[in-house]
1. So, of the residues in the range B:261-305 that are in contact with a Ser or Thr (Cβ under 8 Å, 6 or more places away or on another chain) and part of a strand (DSSP E or B), which turns out to be surrounded by the fewest Cβ atoms within 10 Å (Cβ to Cβ)?
2. Do the conditions hold for B:A308, that is, is it within 21 Å of B:D171 (Cα to Cα), part of a loop (DSSP other than H, G, I, E, B) and either away from chain A (no Cβ under 13 Å) or open to solvent by less than 50 Å² (accessible area, probe 1.4 Å) (or both)?
3. Collect the residues in the range A:270-293 that are within 24 Å of the chain's Cα centre (by Cα) and either in the same structural domain as A:W156 (by TED's automatic domain parsing) or not small (G, A, S) (or both), keeping them in residue-number order.
4. Looking at (1) in contact with a strand residue (DSSP E or B) (Cβ under 9 Å, 6 or more places away or on another chain); (2) over 22 Å from B:S107 (Cβ atoms), which is the one condition that is false for A:R39?
5. Testing A:N49 on (1) in contact (Cβ under 8 Å) with a residue 40 or more places away in the chain; (2) within 11 Å of DNA strand C (Cβ to nearest atom); (3) more than 30 Å from A:L90 (Cα to Cα), one condition comes back false. Which one is that?
6. Identify the residue in the range B:1-14 that is open to solvent by 90 Å² or more (accessible area, probe 1.4 Å) and within 14 Å of another protein chain (Cβ to nearest Cβ) and, among all such residues, is farthest from DNA strand D (Cβ to nearest atom).
7. Going through B:I128, B:I111 one at a time, which residue ends up being open to solvent by less than 20 Å² (accessible area, probe 1.4 Å), within 26 Å of B:E199 (Cβ to Cβ) and either in a strand (DSSP E or B) or modelled with pLDDT under 85 (or both)?
8. How many residues are more than 6 Å from DNA strand C (Cβ to nearest atom), closer than 18 Å to B:K2 by Cα and either within 14 Å of another protein chain (Cβ to nearest Cβ) or assigned to a loop (DSSP other than H, G, I, E, B) (or both) when one looks only at the range B:15-41?
Protein chains: 2
Amino acid sequence: MKTKGKATSFDIAHFAGVSQSTVSRALRNSPLVNEETRRKVWEIAKKLNYKVDKNASNLRTQQSATLAILLFEDPTGDESQINPFFLNMLGSITRACAKEGYDLLVSFQSISQDWRAEYEDSHRADGIILLGYGDYMDYQSRLQNLLAQDTKFVCWGAKVEGRPDLTVSCDNYGGGELAAQHFISTGKKQCVFIGDASEHSPEFLMRFKGFKDTLEQQSISLSERNIANAISTEESGYHATHSLLANNVKFDSLFAASDLIAIGAIKALKEAGLRIPEDVSVIGFDNIAAANYITPSLSTVQQNTTLAGQMLVSNLLALIKGEQITETLLPPKLIIRQSTS
Amino acid sequence: MKTKGKATSFDIAHFAGVSQSTVSRALRNSPLVNEETRRKVWEIAKKLNYKVDKNASNLRTQQSATLAILLFEDPTGDESQINPFFLNMLGSITRACAKEGYDLLVSFQSISQDWRAEYEDSHRADGIILLGYGDYMDYQSRLQNLLAQDTKFVCWGAKVEGRPDLTVSCDNYGGGELAAQHFISTGKKQCVFIGDASEHSPEFLMRFKGFKDTLEQQSISLSERNIANAISTEESGYHATHSLLANNVKFDSLFAASDLIAIGAIKALKEAGLRIPEDVSVIGFDNIAAANYITPSLSTVQQNTTLAGQMLVSNLLALIKGEQITETLLPPKLIIRQSTS
DNA sequence: ATGAAGTTTGACACCGGTGTCATAATGTCG
DNA sequence: CGACATTATGACACCGGTGTCAAACTTCAT
């Protein structure tokens, strides 16, 4: 019992002595087929190592049981390295998809280049997950475009006023509050923030706002001098901290918009002979693996990537099914380690 | 100029006043179509936001411009965390695919569960990349099966005698040599190895062999007592090292089969009051991000994941094109940091 | 004007499934 | 035993492209 090339449902039909229609039904366990016929078909299918041709199936049914993920590169990041936080997200999304029986198409996206949102247009995926920090948010018109074409998609990241997308994100504002509260409760008075506190990085801005508002409730002000701009890399955090020190800004606590920034900051602080946490307490954001390994280990606001991946997938699936969904805010959690003990 | 639902080539044909065949040719820039016709068709296609339906196209041409990656879970690994080394590989493979104009389907694979090599069978991907440490290698029969079906695939990892697959891997044996040479040149005499030195983990076994052979050339023997079994996790490395110490094994240098193991080992050594590198030099394998962040920073044998990803992809594409390819061994590189200075 | 060669196009089968409808086979009941 | 519901199956159109082949139209040489 052999076939030339891959086995098709016609091959099975031939060997089973039934029509191809019946084979198709039998394989999908339609109640319309006789029990014995079904068994025979399955048996032959197994013997021929038959697998449904997804292209044909998808073409007919007009759906793909596949989601696509567009991973936006950090515009400045090292070519070869991906932000570990997003790599984690990628992992948890992959798992979440698998659990739902969906496949995942992965694609990198340089900010500059034309979006390949064609995925959904070209019927390769039923929906799209957009993943990346900050800058890609500029692409409002693209999102409008996706929306106009009735493309199903969800974004990871802070909700931006006026942007039409549905987002899943960590409660960045709440994360900033947690950091501030921790500094306050440990008696810190002079705080600095490192990160991009502008609309270019909505997530960072929210973290900053939560941090600042909470401090101000305790009459601790955060002046312009106490804010250093940085993108999410170690180098950037290092330089930002360096320039704070060079400008003679006094501080006993430092909140970085991401762990990578915090790691760079710690390096700069150490080089300046400052002790952590005695002289300066440091809190990061993300809880990437490295946070636990550096010395001193880094206190940080944890984003639950596992849950985030699940929510992104389940929200997207709900959207595809035509259900109404709303923003999802995931609760952050402060992990206290040596850098603030 | 509108269409109900997504635009098809028939819609374009209608608006352009030509046949659908001509549209198809024009869009693929066939030299058979008149220049002016081509322009008109492209213009309308753009206006209608037309995208080729990949399902239909793939069905007809019987190829998908897609590769699939099967990521095998560490059998014992934490559910939510993926081995960072493989996450890196995933990143570089994704990039390599993008560069070649291929899409990437990602799938996790629990060892226990049935392989979904169906990917290629079901025409969703033109080829498969298998990625994972050790144990999945048991699945010889599966590989035979893939081969029998003429499925195109490449594996990451050590070549195993008798296994029919084509592999790309780091020169694990050479990596072991590098570690041994470094210990020898810094005057170490009593070495231990931590990792699974059995056929279950071909990569680890090769690392071990390179290490052992090189030491023996210098009349340094590696007895059974100096080998501790461990899988690639921090905990396992910690416990293995712990039991070496508990058994009163004396050593001045430790080679771990992976960075995660080495990180666990360092923790155990520190707890035992041993100084690194003064009392014990430590070398890991992989050069994951954390290696640079722990204290002391970890000397390690680096695997070039960027190159590895590219080679996996280019080898697979060559295979798909029907070219003959051979094993690829990538040169490892010793990164010296504080743990052996 | 006529035939050969080159250029451009349309008609149509085909890829491998899914869904609809008609038909055949079997069973039920008055 | 005939009318009718029930169950199981086959025939066929269809999804949206691609590739083949024949036909229509030019162009140019004879």
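1. The extreme case among them is B:S281.
2. Taking the combined requirement at face value, the residue does not satisfy it.
3. Applying the first criterion (within 24 Å of the chain's Cα centre (by Cα)) to the range A:270-293 yields A:283-293.
Matches in the range A:270-293: A:I283, A:F285, A:D286, A:N287, A:I288, A:N292, A:Y293.
4. Condition (1) is where A:R39 drops out.
5. The number of the failed condition is (2).
6. Residues of the range B:1-14 open to solvent by 90 Å² or more (accessible area, probe 1.4 Å): B:1-2, B:4, B:10, B:14.
Okay, now just the ones that are also within 14 Å of another protein chain (Cβ to nearest Cβ), so B:2, B:4.
Numbers: B:K2: 15, B:K4: 10 Å.
The residue in question is B:K2.
7. B:I128
8. Of the residues in that region, 1 qualify.
The values are calculated or read from the model by the stated rules, or taken from the named source; none is laboratory data. Keep in mind it's a predicted model, so treat the numbers as computed, not measured. Positions of Cβ are generated from backbone atoms using ideal geometry, with glycine treated the same way; all protein chains shown enter the neighbour counts. Side chains included, ligands, DNA and RNA excluded: accessible areas come from the protein's heavy atoms. Shrake-Rupley method; radii C 1.70, N 1.55, O 1.52, S 1.80 Å.
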